[in-house]
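The values are calculated or read from the model by the stated rules, or taken from the named source; none is laboratory data. If you're wondering where the values come from, they're calculated on a predicted model, not measured in any experiment. Here the Cβ positions follow ideal geometry from the backbone for every residue, glycine too, while neighbour counts run over all protein chains shown.
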Amino acid sequence: MYANVAHNIYNENHVSVESPAKLIEMLYEGVLRFNAQAKKAIKDKDIEKKVYWLNRSIAIVNELRSILDFKGGDIALYLDGLYEYQLELLFDAMLEDESKKLDECTNVFKGLLEAWRETTNVA
């Protein structure tokens, strides 16, 4: 009985990802969504929510760094440096309640998402 309930809960929460390319797109979208929530929390002076949403963005960026394939060429090195800088911006936004740094990070991820969609939809 409990196994059936657990299976049903898993099926409700299971995210089906068609491809690794789709997963990267979803991660970029997640950063954008969480940054928007963090920006609202900064505006509302809600420290708890700000930290919560920024931590979620930070977790995604760390995950993006962890899946880079450095055997694939210089692009992985470039992305690693870019992601590292985005982490710095997110930490600064958290410590300083700095929306401008959060906006800078958001703009980078908007560009990455757009470029990712263009390159993955061509194939």
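Name the residue that is surrounded by the fewest Cβ atoms within 10 Å (Cβ to Cβ), counting only residues in the stretch 21-49 that are part of a helix (DSSP H, G or I) and over 15 Å from the mean Cα position of the chain (by Cα). Result: E48.
Across the stretch 98-122, the number of residues qualifying as among the hydrophobic types (A, V, I, L, M, F, W, C) and under 13 Å from the mean Cα position of the chain (by Cα) comes to 6. Taking the stretch 57-69 on its own, how many of its residues are farther than 19 Å from L89 by Cβ and surrounded by 11 or more Cβ atoms within 10 Å (Cβ to Cβ)? So the count comes out to 1.
Of all the listed residues (V51, V15, V122), the sole one being out of contact with any Asp or Glu (no Cβ under 9 Å at 6 or more places or on another chain) and modelled with pLDDT of 95 or more is V51. Cβ separations smaller than 7 Å between residues 6+ apart or across chains give the following pairs from the stretch 72-101 residues that are under 15 Å from I58 (Cα atoms) to residues that are part of a helix (DSSP H, G or I) and hydroxyl-bearing (S, T, Y): L90/S57.
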